[in-house]
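What follows is one structure encoded as structure tokens, with my remarks underneath.
The values are calculated or read from the model by the stated rules, or taken from the named source; none is laboratory data. Quantities reported herein were computed from a predicted structural model and do not represent experimental measurements. All Cβ positions, even for glycine, are placed from backbone atoms using ideal geometry, and neighbour counts span all protein chains on display. Ligands, DNA and RNA are excluded from the accessible area calculation, which covers all protein heavy atoms including side chains. Shrake-Rupley method; radii C 1.70, N 1.55, O 1.52, S 1.80 Å.
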Amino acid sequence: MSKLAIVSEFWDFLKERKKWWLAPIVIFLVLLGALIIFTEGSAVAPFIYTLF
């Protein structure tokens with residue numbers, strides 16, 4: 001199963017079940033994960049980890 005299929009399936013789930021409150025949670029978790037991954041090897045990493 002491709003990553004695009006998972007996103008499409010999640011979108012269909014949100015439309016069908018009317019669970020729109022899940023979208024901000026998922027978006028926040030994806031952005032938080034991307035922030036941790038992209039700052040992992042940089043000089044900014046010690047400052048990011050102090051926020052949590």
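Going by the structure shown, is Ala23 at pLDDT 75 or above, on the phi < 0 side of the Ramachandran plot and touching a helix residue (DSSP H, G or I) at 6+ places or on another chain (Cβ under 7 Å)?
Details: at pLDDT 75 or above: yes; on the phi < 0 side of the Ramachandran plot: yes; touching a helix residue (DSSP H, G or I) at 6+ places or on another chain (Cβ under 7 Å): yes.
For Ala23, the condition - at pLDDT 75 or above, on the phi < 0 side of the Ramachandran plot and touching a helix residue (DSSP H, G or I) at 6+ places or on another chain (Cβ under 7 Å) - is met.
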(request) Starting from residues that are open to solvent by 80 Å² or more (accessible area, probe 1.4 Å) and at pLDDT below 85, keep the ones in region 26-43 and report whichever is farthest from Val7 (Cα to Cα). (result) Ala43
